[in-house]
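This report refers to the structure that appears directly beneath it.
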Amino acid sequence: MTVFRLARTTLLAAFAFSCASAFATATDELRDFVKTVKTGKSTFTQTVTGPDGKQKVSNGSFEFSRPNRFRFVYEKPYAQTVVGDGTRVWIYDPDLNQASSRKVGDALDNTPAALIVSNDIDHAFTLADQPATSDGLQWVLATPKQSEGSVKSLRLGFKGHALAQLEIDDSFGQRSMIVFNAFEPNAKLPADTFVFVPPKGADVAEQ
């Protein structure tokens, strides 16, 4: 009898866990992503659609480490590097050999990067579940709580702990779609991944 009751209890616990997992919302999954995925890396394709319907496509790589450290390297069609080192955010244009930086709080608040690399997404965004799509992606709508920025809304699509897509609508009428390819959660990253030193001779502007 004791064995039977123990087995029944185990089965009930397993059933309860499976039900809880099945009914987890997309915002629950996003918050779990923030808690459990501390680093990540991926290649990406970004498509920007203007108000006139014209599109611009760029490609590159992306890495991050919580909190507030990230590196976007745009490779085509124009090179650009954006690095958040935890203290400042750097933007470097190799063609012009120009670099600029701002304090991370001023540069990151309410931005798409903050939704991925911050430890407290509820501080900056109001989150709402969106319908899942036929490709198995779960979607969350994130609206910045501060309205003075250029970003109007963000939609983050992910599958489990794999970051898949990010949609950005801005106040200029543009929509950007970033598709992350072969996202690797909790990736081991070199210690200097988020270190940026302006190249010798570069024009540097710091705010």
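Things worth noting here:
- Of the listed requirements (1) at pLDDT below 90; (2) over 19 Å from Phe70 (Cα atoms), Ala182 misses just one: (2).
- Which numbered condition Gly86 fails, given (1) touching a residue at least 12 places away in the same chain (Cβ under 8 Å); (2) at negative phi; (3) more than 12 Å from the chain's Cα centre (by Cα): (2)
- Taken over the stretch 121-134, the residue count meeting the criterion of being among the hydroxyl-bearing types (Ser, Thr, Tyr) and assigned to a strand (DSSP E or B) is 1.
- Strands (runs of 3 or more DSSP E) wholly inside the stretch 44-120 containing at least 3 residues that are touching a Gly at 6+ places or on another chain (Cβ under 6 Å): 69-76
- Qualifying residue in the stretch 136-149 (condition: over 24 Å from Pro185 (Cβ atoms), part of a strand (DSSP E or B) and out of contact with any Cys (no Cβ under 8 Å at 6 or more places or on another chain)): yes
- When the stretch 179-197 is filtered for residues that are out of contact with any Ser or Thr (no Cβ under 9 Å at 6 or more places or on another chain) and touching a residue at least 60 places away in the same chain (Cβ under 8 Å), only Val195 remains.
- Looking only at the stretch 167-207, and only at residues there that are acidic (Asp, Glu) and in a strand (DSSP E or B), the one that is most open to solvent (accessible area, probe 1.4 Å): Glu206
- Check on Asp28, open to solvent by 30 Å² or more (accessible area, probe 1.4 Å) and outside any loop (DSSP other than H, G, I, E, B): yes
The values are calculated or read from the model by the stated rules, or taken from the named source; none is laboratory data. Because the structure is predicted, anything quoted here is derived from the model rather than measured. Glycine also receives a Cβ, built like all others from the backbone with ideal geometry; neighbour counts cover every protein chain displayed. Heads up: the accessible areas ignore ligands, DNA and RNA and are worked out on the full protein's heavy atoms, side chains in. Shrake-Rupley method; radii C 1.70, N 1.55, O 1.52, S 1.80 Å.
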